[in-house]
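Remarks on the structure that follows.
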C-alpha cells in the first residue's frame, strides 16, 4: 500500500477515536466534532474521482464537515444538552 493510504487509515482511526471518546465520556460536543471529522474525510474520499486536486477535495470535504459540526453544536445548544 502507498504511504497516502496509511495516512488515510490513520486519520480515520484518529477521527473515530475522537467520536468514541465523546460517546464514552458522554460529551456530546466532542462526539459531534468526531462525527464532523469523519464526514469531512468521507466526502474527501468520495470526491476523489470527480475532483482530482487533493487540496480542492480537502477544502470541500472538511468545509462540509465544519458545517456539520456547527449545525450539531447549534442543535446541542438549542436542545440544552
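Every number here is computed from the coordinates shown, using simple stated rules; none is lab data. This structure is a prediction, so every number in the text was calculated from the model and none was measured. Cβ sites come from the backbone with ideal geometry, for glycine too, and all protein chains shown count toward neighbours.
What FRET efficiency comes out for the pair residue 79/residue 25, r = Cβ-Cβ distance, R0 = 22 Å, nearest 0.05?
Numbers: r = 18 Å, r/R0 = 0.84.
Efficiency, from the Cβ-Cβ distance: 0.75.
In the frame of its principal axes, the chain has Cα extents of 43, 22, 14 Å, reported largest first. In percent, rounded to a whole number, the relative contact order of the chain is 26, using alpha-carbon pairs under 8 Å and six or more apart. Remark: spin-label model distance residue 3-residue 70 equals 3.5 nm, labels positioned 7 Å along the Cα→Cβ axis. Label sites at residue 42 and residue 54, each approximated as a point 7 angstrom past Cα along Cα to Cβ, lie 2.3 nm apart.
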